[in-house]
Amino acid sequence: MSVAPADFNQALTVGRPPNIARLFPNSRALIVSGKVIDRAMLAKGKCMTMAANARNSFVIRGALRAAQRANAALIIEIARSEGGAKAYCPINYWNMATMVDQAMNEMGITVPVAIHADHYGIKKETDIDFAKVEIPTMFEAGITSIAIDASHLPDDKNLLTNLSLAQLVPSWAGYETEVGEIKGKAGLSTAAEALFLIQGLNAHNLFPDWIALNNGTTHGIEASDSGIQVELTAEIHAKLAPYKVSGAQHGTSGNSAERLRAIAGSTRTTKANVATALQMISWGLEVNDYGNAQLDEGGNFRKVKNAGMTEAMWQEMVKYAEEKGWRKGDYKNLNLVFENRLLGQPQPVRERMVKRVEDFVYTLLTGVFNAQDTAPLAIAAILAANSHDLGPKASRIEDPARWTGDQIAARAAGLGSDKGPAGNFDD
């Protein structure tokens, strides 16, 4: 499937959101709303695309090149813990769009790409006032899609936080919400919780593009491929069908291809986040087919010779982490510290870092996610609307008179949901 040059030019003219057109007036990069990406996946059916967490610039470039090869619409994202005010990555909410736009123009990337602020976490009610100031600045910097994640809060507070903060999201932008912290088998999401959140938003004319569930997976590298509960996900998505919300699969790294194919093929999931695996692959660490980094007999990461960064640079990173007393899960903090050092390596080394990401992402997009040839479908959606704003998928079917503040609290009290143990599960 290909796109006629005239159609691509028209999509560039009308399909880029106003913040992107203002920031990059002469760009040939088709940066679009997250809504466009979701609609492309739904148009093809039984597929999802990658939301690649851009922990370093090599991931951005590799993911973009893979999407171009696969002719697939793509999402580039960063989570608040990774790229917020207390970032541990060099890519953040405020420079990500600029870096993606530059890379797309340089490399001739023509597939549609959304810029997603993932896991904008609200862990306590006092975070809300800060968010009201910060969220608009992110859209000013080129964000085209956001996940408002108040899943750490009780169900009524989660809903009320979304009602408050979603007012700051432009109507054209992609919008993701979340129920149940993403942390494995403890406190799995229920259909009742998900319905409560989506129905309450619907009553107030808010129609999320995606909902993320705690469906049994974790962030970081999985210990096995048994995390994602496909049947639970399909059950919840079926109950949510009248509200036309798609699924966002978090914690994808480390799950088997078979399980991910099942998520794409038998649920309404259109977005799959991949973070830790891409970081490890770009560095040149040995991973299995699931993206899990492999350890040697001493419990240390295995570096593949002549893959990723140089062996000398890797030893510097390991030494730095050891001096800091960091465990293996803390190695993600090396991204911010070493990005400039990695960019200062010879061009062939930088290229092999990018190529390793490209090949891994391409295999997922085409062999697992079924996302190939979704780029023309995204462009078709833009041309059909003749606009950057595709509008909501759903319409209001809930009575707002039944979703007042007091009624929300009363409904939430009857859910009796178990959020599982406390912890930090942002990535």
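Looking at (1) in a helix (DSSP H, G or I); (2) in contact with a strand residue (DSSP E or B) (Cβ under 9 Å, 6 or more places away or on another chain), can you tell me which one residue 8 breaks?
The one condition residue 8 does not meet is (2).
Please verify whether the stretch 230-249 includes one or more residues that are more than 30 Å from residue 396 (Cα to Cα), buried (at least 18 other Cβ atoms within 10 Å of the Cβ) and touching a Phe, Trp or Tyr at 6+ places or on another chain (Cβ under 9 Å).
No.
The rows are residues; the columns are (1) buried (at least 23 other Cβ atoms within 10 Å of the Cβ); (2) of a type outside the set (Gly, Ala, Ser); (3) farther than 20 Å from residue 211 by Cβ.
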{"position": "251", "(1), (2), (3)": "yes, no, no"}
{"position": "267", "(1), (2), (3)": "yes, yes, no"}
{"position": "273", "(1), (2), (3)": "yes, yes, no"}
{"position": "286", "(1), (2), (3)": "no, yes, yes"}
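Taking the criterion of being closer than 25 Å to residue 114 by Cβ, assigned to a loop (DSSP other than H, G, I, E, B) and at pLDDT below 95, would at least one residue in the stretch 287-304 satisfy it?
Yes, the stretch 287-304 contains at least one residue that is closer than 25 Å to residue 114 by Cβ, assigned to a loop (DSSP other than H, G, I, E, B) and at pLDDT below 95.
Being closer than 20 Å to residue 282 by Cα and among the hydroxyl-bearing types (Ser, Thr, Tyr): is that true of residue 49 here?
yes
Only one of 92, 105 is touching a strand residue (DSSP E or B) at 6+ places or on another chain (Cβ under 7 Å), among the polar types (S, T, N, Q) and modelled with pLDDT of 95 or more. Can you tell me which?
Answer to the selection: 92.
Looking at the stretch 61-81, is at least one residue among the acidic types (Asp, Glu), assigned to a strand (DSSP E or B) and touching a strand residue (DSSP E or B) at 6+ places or on another chain (Cβ under 6 Å)?
yes
Given the options 379, 397, name the one that is closer than 30 Å to residue 196 by Cβ and β-branched (Val, Ile, Thr).
Testing whether each residue is closer than 30 Å to residue 196 by Cβ and β-branched (Val, Ile, Thr) leaves just 397.
Check residue 388 against each of (1) closer than 27 Å to residue 289 by Cβ; (2) in contact with a strand residue (DSSP E or B) (Cβ under 8 Å, 6 or more places away or on another chain); (3) not β-branched (Val, Ile, Thr) and name the one condition it does not meet.
(1)
Starting from the stretch 345-356, take each residue that is over 18 Å from residue 68 (Cβ atoms) and list its partners that are β-branched (Val, Ile, Thr) and assigned to a loop (DSSP other than H, G, I, E, B), counting only C-beta distances under 7 angstrom and pairs at least six apart or across chains.
From the stretch 345-356, the pairs are 345/310; 349/310.
Can you spot a residue in the stretch 376-394 that is more than 30 Å from residue 202 (Cα to Cα), charged (D, E, K, R), surrounded by 15 or more Cβ atoms within 10 Å (Cβ to Cβ) and modelled with pLDDT of 95 or more?
No; the residues of the stretch 376-394 include none that is more than 30 Å from residue 202 (Cα to Cα), charged (D, E, K, R), surrounded by 15 or more Cβ atoms within 10 Å (Cβ to Cβ) and modelled with pLDDT of 95 or more.
If a residue must be in a loop (DSSP other than H, G, I, E, B), at pLDDT below 95 and either touching a Ser or Thr at 6+ places or on another chain (Cβ under 7 Å) or over 17 Å from residue 193 (Cβ atoms) (or both), how many such residues does the stretch 220-252 contain?
Counting residues in the stretch 220-252 that are in a loop (DSSP other than H, G, I, E, B), at pLDDT below 95 and either touching a Ser or Thr at 6+ places or on another chain (Cβ under 7 Å) or over 17 Å from residue 193 (Cβ atoms) (or both) gives 12.
I'm told residue 46 meets every condition in (1) touching a residue at least 60 places away in the same chain (Cβ under 8 Å); (2) in a loop (DSSP other than H, G, I, E, B); (3) surrounded by 19 or more Cβ atoms within 10 Å (Cβ to Cβ) except one. Can you identify the failing condition by its number?
Checking residue 46 against (1) touching a residue at least 60 places away in the same chain (Cβ under 8 Å); (2) in a loop (DSSP other than H, G, I, E, B); (3) surrounded by 19 or more Cβ atoms within 10 Å (Cβ to Cβ), the one that fails is (3).
Pull out all pairs, ordered by first then second residue, where Cβ-Cβ is under 7 Å, the residues are six or more apart or on different chains, the first lies in the stretch 69-84 and is surrounded by fewer than 24 Cβ atoms within 10 Å (Cβ to Cβ) and modelled with pLDDT under 95, and the second is of a type in the set (Lys, Arg) and not in a loop (DSSP other than H, G, I, E, B).
Taking only residues 6 or more apart or on different chains, not a single pair turns up.
For residue 406, all conditions in the list (1) within 30 Å of residue 68 (Cβ to Cβ); (2) modelled with pLDDT of 95 or more hold save one; what is the number of the exception?
Residue 406 satisfies all of (1) within 30 Å of residue 68 (Cβ to Cβ); (2) modelled with pLDDT of 95 or more except (1).
On the given criteria, is residue 54 touching a Cys at 6+ places or on another chain (Cβ under 9 Å), crowded, with 21+ Cβ neighbours inside 10 Å, of a type in the set (Gly, Ala, Ser) and modelled with pLDDT of 95 or more?
The answer is yes for residue 54.
The values are calculated or read from the model by the stated rules, or taken from the named source; none is laboratory data. Bear in mind that the values here come from a model prediction, so they are computed numbers and not experimental data. No Cβ is skipped: glycine too gets one built from the backbone with ideal geometry, and neighbour counts run over all protein chains shown.
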